[in-house]
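Have a look at the structure below before the remarks.
All of the numbers you see were taken from the coordinates with simple rules; none came from a lab. The structure displayed is predicted, hence computed values, not measured ones. A quick note on method: Cβ atoms are made from the backbone with ideal geometry, for glycine too, and the neighbour counts reach across all protein chains shown.
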Amino acid sequence: MDIVQIKDKRFGLTISEKEILNAIESVAQRINADLQDKNPLFICVLNGAFMFAADLMKFVTIPSEVTFVKLSSYEGLMSTGKVKEVFGLTENLSGRTVVIVEDIIDTGKTMANLIESLGSKNVAEVYVATLLLKPEALEHTVPLDYVAIEIPNDFIVGYGLDYDGYGRNLRAIYTLIP
Ligand code: 5GP
Ligand code: MG
């Protein structure tokens, strides 16, 4: 399946399932070595990171916990831009080593906001694990501890990422054909 049609758009295969899993295994091995004695709490950002988190956690062999949050956009009364609020985080993060698990870092705004919102929770340290990074699109300063795959600044779907809600179930990553 080299080309997929989702609604009105066509996408071409760019990163195979095997390539994705190999990259994730490498990241997990680094996490296993780096955070061995830290009892990390992995925080999976829904919806996009669900598939990455599932495969990542299968390669993580150190004692650790995993939880899930959802970011919801709302119009801040005082600000012009959209602000994202974190939902579902009920764990006590005090003194914890946290690893944020994200599908993709584009401009970095979402990740910067998320890290800022953890600021009041007395976290010991925050690491970021992202499946994908678009280096050319990055505008915000965010930690990039564990990046599985770097991609060009194109729109992609699959492996958790959607186009208008569809395509998250694809096992590989596909790029929009202009
Ligand atoms: P950022 O805040 O870093 O600019 O954007 C992060 C969010 O934008 C991601 O969590 C994701 O929802 C969305 N996003 C960025 N690039 C892509 C892409 O190429 N494809 C899809 N499906 N979503 C993207
Ligand atoms: Mg995301």
With at most 16 neighbouring Cβ atoms within 10 Å, loop GluC sites (Glu not before Pro) (DSSP) excluded, longest segment of the chain: 1-90
Beta bridge orientation in segment 22-178: antiparallel %, DSSP, nearest 5: 30 percent
Label-to-label distance, nm, for residues given as THR67 and ASN32 (7 Å Cα→Cβ offset): 2.6 nm
Lys, Arg +1 and Asp, Glu -1 on Cβ, resulting dipole of segment 46-178 about Cα centre, debye, nearest 20: 260 debye
Over the chain: helical MRE at 222 nm, DSSP H runs n ≥ 4 each giving -39500 (n - 2.57), nearest 500: -6500 deg cm²/dmol
D_trans [Stokes-Einstein, Kirkwood Rh over alpha-carbon pairs] for the chain, 10 °C, 1.306 mPa s, µm² s⁻¹: 94 µm²/s
Reach of LYS121 by Cα under 18 Å, taken over lysines that are not fewer than 8 positions away in the same chain: LYS38, LYS70, LYS84
